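This report refers to the structure that appears directly beneath it.
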Ligand SMILES: O=C(O)CCC(=O)C(=O)O
């Protein structure tokens with residue numbers, strides 16, 4: 001068990017989260033702490049393509065350019081350890097309280113673009129997973145490498161996190177899409193180890209990766225334990241305990 005640490009969220013960041021739906025952190029992870037997770041994401045990416053049958057070329061193309069790499073902890077003990085980093089624990093204590101679960105995680109790699117496949121329309125995660133505890137959760141978009149508009153970093157719409165916006169289904173991208181016209185949109189330009197911390201209803205989306213390099217990011221979502229899907233009542237997500245009584249479990 002780890003002792004409880006000092007708060008990492010400042011009053012200003014807390015205000016920004018409440019009013020704008022997100023805040024930026026300093027670089028809270030050293031390069032040597034990020035590197036093993038970065039390498040593991042690349043390994044999981046390569047493995048994920050091998051698993052797709054050659055008989056399904058369009059699925060292979062999408063997975064090659066904008067891989068979906070959920071629950072990386074199930075395939076990597078290195079990542080499973082990293083997800084319990086004291087920084088995540090302290091953020092969770094500061095923003096949620098003494099009892100917290102990891103509810104979602106994914107590697108967020110994006111390859112150099114072909115035909116705008118690596119664009120992600122603006123959306124609220126709350127539209128993908130309609131859960132009963134949207135307000136208590138938060139996500140961390142962590143830079144494993146430098147992130148910029150050019151390499152397709154996530155952008156965040158400010159002040160639009162209080163209600164579900166209308167979404168339409170984008171057939172080509174196979175993604176829910178909402179309109180953020182009229183809201184300030186802020187690019188998540190980040191150095192390695194920096195994060196944007198945002199609410200589950202904060203609209204976010206990303207332009208194509210126009211650079212020649214892989215965009216390397218990592219996503220973590222935390223919430224109170226026992227989060228359920230509204231429609232079915234089923235427990236949602238990873239349900240992986242992080243804190244109980246303020247202490248790591
Ligand atoms: O990787 C990206 O740029 C977008 C990912 C995203 O928004 C999501 O998975 O909800």
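Bear in mind that the values in this text are calculations on the coordinates, not laboratory data. Nothing here was measured: the structure is a model prediction, and the numbers come from that model. No Cβ is skipped: glycine too gets one built from the backbone with ideal geometry, and neighbour counts run over all protein chains shown.
Sorting the segments 96-104, 206-214, 41-49 by their mean number of nearby beta carbons within 10 angstrom, highest to lowest, gives 96-104, 206-214, 41-49.
Here the gap between residue 114 and residue 6, fully extended at 0.36 nm per residue and compared with their Cα-Cα distance, gives a gain of 34.4 nm. The calculated FRET efficiency for the pair residue 33 and residue 247, based on their C-beta separation and a Förster distance of 25 Å, comes to about 0.75. In plain terms, the residue of 51, 110 with the fewest other Cβ atoms within 10 Å comes first and the most crowded comes last, giving 51, 110. Here the sum of -39500 (n - 2.57) over DSSP H runs of 4 or more residues, divided by the residues of the chain, equals -7000 deg cm²/dmol at 222 nm, to the nearest 500. Between residue 78 and residue 224, the distance separating the two model label sites (each 7 Å from Cα on the Cα→Cβ line) works out to 3.7 nm. Among 57, 187, 149, the largest mean-square fluctuation in a Gaussian network model of the chain (Cα springs under 10 Å) belongs to 57. Note on the chain: GNM, Cα springs under 10 Å; of 180, 197, 230, the largest mean-square fluctuation is that of 230.
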